[in-house]
Amino acid sequence: MLFIIGLLLSVGLLNTVVALAVLSRNVRRPLNIWFFALAASCAAWVFGIAAFLGVESWSAAYKWAQFFYIAPLFTVASSVVFAQAFPSGGKTNTKGSYAAVGGAVALAACIIASPQLLLTELAYQPWGKEIVLGKPFYLLYSAYLIGMFALTVRLIYRKAQTEKGLYRSQALIFLNGFLVSCILGVFFNLILPWFGNYQLVWLGPLASSFYLVATAYGIVRHRLFDVRIVAARAVGYVLSLLALGAIYGVMAFVVLGSLLGGSGASTSERAISAALAVSLALIFHPIKRFFDRITNRLFYRDAYNAQAFIDNLNHVLVSTLELDKLLKDVAQLVQDTLKAESCFFVISPTSRGQKVIGVGGKDLVPQLFSLLRTVEGHKEVKNITVVDYLDPSMRRQQMALQSADISIVGYIRSGSGENGILGYFMLGPKKSGNPYSRQDIKMCEVVVNELIIAIQNAMRFREIENFTLTLQQRIDEATRKLRRTNDKLRKLDETKDDFISMASHQLRTPLTSVKGYVSMVLDGDAGKITGLQRKLLTQSFISSQRMVYLISDLLNVSRLRTGKFIIEPVPTNLAKVVEEEVEQLVETAKGRNLELVYHKPEHFPVLMMDETKMRQVIMNFIDNAVHYTPSGGHIEVGLVEKPLSIEFTVVDDGIGVPKHEQHHLFTKFFRAHNAKRARPDGTGLGLFMAKKVIIAQGGATIFRSQENRGSTFGFTFAKAPLLPGTVKAPPTPPIIPTKSS
């Protein structure tokens with residue numbers, strides 16, 4: 001009996017270890033959780049029978065009998081839910097799961113509340129204890145267990161028929177082990193007790209070892225639950241402890257026997273035992289490492305560090321932009337890490353010109369690429385396809401890929417949402433013969449995703465290299481064309497300036513005569529004139545003066561190009577000059593219903609300036625204010641003497657200058673778009689020449705403006721360099737920047 005109890009405890013312990021190993025692999029995955037419930041309840045059943053057979057007390061035995069009859073209820077309930085999710089971890093039927101678990105809970109509640117329904121009495125026989133069963137409830141109990149067993153087997157059998165590849169192998173292995181355990185358990189623990197035979201009741205729990213063996217084989221051969229590393233470490237520890245125990249026993253027996261000769265020297269025995277224990281503690285880690293290597297070869301020979309692989313992959317991807325070398329290095333890295341027989345890439349997979357780069361493998365035929373396109377077009381195919389898992393409708397493609405020793409195919413697409421394929425990633429079988437794990441497939445997905453950008457960059461780099469070969473020639477040709485065009489433009493610009501200079505000289509002489517004669521008539525040299533005649537002649541004189549200024553601007557532009565633009569400083573009363581220019585525009589301002597005010601200073605120094613050109617500048621600023629200020633507006637002209645400088649400003653409340661156009665304002669021929677609407681006949685030369693004149697005499701322009709709020713134009717000069725008798729400033733000093741608002 002002790003031997004039987006020892007066997008039961010060993011099987012229960014194995015159930016517990018397997019349950020904990022699977023659960024520790026992924027505590028959130030429903031498939032692992034329900035297998036844990038299945039194995040744990042089976043372990044409880046085994047422990048319950050062992051306790052029932054081992055205890056002497058009648059009441060304790062009766063309690064353990066209740067326990068080992070309740071445990072199978074939850075074993076079959078969890079097996080039904082587990083079978084729905086097994087092996088790929090799919091969804092479960094919620095209603096079916098609730099019904100299975102609900103039935104187990106209901107029957108367990110009945111046994112707990114009224115144990116006599118099932119366990120009528122406990123009897124002692126020469127061979128041991130037996131239970132007298134309540135047949136009506138036992139019939140219901142047995143029907144539930146057998147029904148749940150049959151449903152579980154049916155579900156697993158269906159999975160074995162419908163699943164593909166690795167999942168199919170896992171389902172078949174678990175089906176065979178579970179079916180044998182069910183048949184033996186039903187026979188020894190349901191059928192024989194029905195007929196009053198309790199002598200072999202302990203064989204049913206031992207039969208659970210068949211499904212344990214099947215699960216262990218699935219873990220070793222087909223990576224069931226991906227718990228190889230747990231199994232490897234557990235076996236390593238067990239073997240290490242067994243080895244240490246054997247070494248300790250042999251050493252203790254030999255040393256104690258040879259040194260003490262069987263005498264009972266307890267102190268010496270304790271000393272020698274302590275020395276042996278210390279020696280074993282020192283050699284524990286070497287022994288453990290030895291068994292770890294053995295178990296790794298057996299259970300986990302394909303292990304690798306995923307993070308180290310990703311780091312090495314990133315290093316390879318950034319190490320070169322040469323496409324062939326890049327793919328060759330990646331293929332070598334993948335083959336070495338995943339321990340595959342071959343790894344290669346197919347770039348530009350067309351009927352002609354495809355490039356195959358990689359290591360190992362068979363020669364690929366062009367027909368294979370057309371097969372891959374049909375596989376890629378299938379709605380269930382993702383970026384990574386495991387050949388063993390292909391849909392049965394693609395049996396021809398599957399056989400072709402398998403004959404080429406291809407286990408995994410990755411599609412390197414040209415971008416998200418696009419149908420174009422940059423190439424294929426192909427992986428041969430593992431050298432060990434093991435199937436690829438989920439971690440391996442995830443690493444393949446990482447490779448494909450990273451290669452999309454790397455291949456595109458390498459292709460673009462190759463295009464850039466090819467383009468660079470002809471780029472210098474194109475640049476030289478474009479430079480020659482640009483130089484020829486620039487020479488033509490320079491000649492055209494010179495011709496234009498020559499024409500402007502000639503036309504200005506030709507227009508200046510007759511215009512001077514017209515202006516002089518109009519002035520004489522206004523002065524009464526030709527007789528008395530009427531008021532209307534004076535008004536008309538005054539407008540003619542003003543227009544003639546404006547034409548004179550325009551011609552002067554054109555001549556100055558021409559002189560700037562030829563280097564003949566000269567400043568001729570003379571003693572100038574700037575206050576009087578401003579007053580005279582304002583008087584010329586007073587009538588024009590009144591005609592436009594504008595208020596033109598000049599704040600003339602009482603005392604103002606005489607300065608050395610080019611009076612003629614400064615008149616043009618002042619006239620230009622005031623004239624612009626008059627023409628760009630709407631009716632009813634105000635214009636203030638100011639001239640201020642400061643301790644170190646003088647400042648002239650024209651402030652209006654006109655149309656202003658748009659902010660985005662202000663930086664172009666003082667360039668040649670530029671006019672703001674609102675200025676063009678207000679005064680279509682402008683030339684864009686006035687402000688350009690005004691700035692040139694001011695800068696040439698050592699001054700700086702003043703400009704502030706807000707669109708539809710008005711503008712301020714003017715200039716400022718340092719006073720000391722312009723006083724008579726002082727040294728003049730350099731002819732072209734730098735511009736003093738002013739803020740515009």
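Coordinate-derived values only; no laboratory data. Worth saying up front: this structure is predicted, and the values here are computed from it rather than measured. Here the Cβ positions follow ideal geometry from the backbone for every residue, glycine too, while neighbour counts run over all protein chains shown.
Can you tell me the relative contact order of region 1-79? Whole percent, Cα pairs under 8 Å, sequence separation 6 or more.
Relative contact order comes out at 33 percent.
Stretch Arg438-Val640 to full length: gain in nm at 0.36 nm per residue minus the Cα-Cα span?
In short, 64.0 nm is gained.
Quick check: residue separation of Glu583 and Gln402 times 0.36 nm, minus the Cα distance between them. What number comes out in nm?
54.9 nm
How much length is gained if the chain between Arg28 and Leu122 is pulled fully straight, taking 0.36 nm per residue apart and subtracting their Cα-Cα distance, in nm to one decimal?
Here the segment from Arg28 to Leu122 would lengthen by 29.6 nm.
From the backbone phi of region 440-455, what are the Karplus-calculated ³J(HN,Hα) couplings (6.51 cos²θ - 1.76 cosθ + 1.60, θ = phi - 60°) in whole Hz, Gly and Pro given as x?
Result, ordered by residue: 4, 5, 4, 5, 5, 5, 4, 4, 5, 5, 6, 6, 4, 5, 5, 5 Hz.
Which peptide among 611-617, 579-585, 527-533 comes first, and what is the full order, when sorted by highest mean count of other Cβ atoms within 10 Å?
The densest-packed peptide leads the list: 611-617, 579-585, 527-533.
Each residue of region 604-615 in order: what ³J(HN,Hα) in whole Hz does its phi give by Karplus 6.51 cos²θ - 1.76 cosθ + 1.60, θ = phi - 60°, with x for Gly and Pro?
Going residue by residue, I get 8, x, 7, 10, 8, 9, 7, 4, 4, 6, 5, 4 Hz, with x marking Gly and Pro.
Label-point separation (nm) for Ser59 and Arg158, each offset 7 Å from Cα along Cα-to-Cβ?
Placing both labels 7 Å beyond Cα along the Cβ direction yields 4.9 nm.
Of the peptides 477-483, 393-399, how do they stack up when ordered by the mean number of other Cβ atoms within 10 Å, highest first?
In descending order of packing, they fall as 393-399, 477-483.
Name the residues whose placed amide hydrogens come within less than 5 Å of the amide hydrogen of Gly682, ignoring near sequence neighbours (fewer than 5 apart) on the same chain.
none
For Phe604, what residues show an amide H to amide H distance below 5 Å, using hydrogens built from the backbone and excluding near sequence neighbours?
none
Quickly rank 445-451, 98-104, 694-700 as a protection proxy: mean count of other C-beta atoms within 10 Å, highest first.
694-700, 445-451, 98-104
Along the Cα→Cβ direction, 7 angstrom out, place labels at Leu482 and Asp311. What is the inter-label distance in nm?
4.9
Tyr517 versus Gln199, label points 7 Å from Cα toward the beta carbon: distance in nm?
15.5
Put +1 on the Cβ of each Lys and Arg and -1 on the Cβ of each Asp and Glu in region 428-485; which of Ser432, Met459, Thr485 then has its Cα farthest toward the positive end of the dipole?
Thr485
Set the Förster radius R0 to 56 Å, insert the Cβ-Cβ distance between Val356 and Asp681 as r into 1/(1 + (r/R0)^6), and round the FRET efficiency to 0.05.
Efficiency at R0 = 56 Å is approximately 0.15.
FRET efficiency for Val597 and Gln472, Cβ-Cβ distance as r, R0 = 56 Å, nearest 0.05?
Calculated value: 0.30.
Ordered by residue, what ³J(HN,Hα) values in Hz, to whole numbers, does region 47-56 give under the Karplus form 6.51 cos²θ - 1.76 cosθ + 1.60, where θ = phi - 60° and Gly and Pro are x?
Values, residue by residue: 4, x, 5, 4, 5, 4, 6, x, 6, 9 Hz.
Amide H neighbours of Met609 under 5 Å, counting only residues 5+ apart in sequence or on other chains, H built in-plane at 1.01 Å?
Here Val570, Thr572 satisfy the definition.
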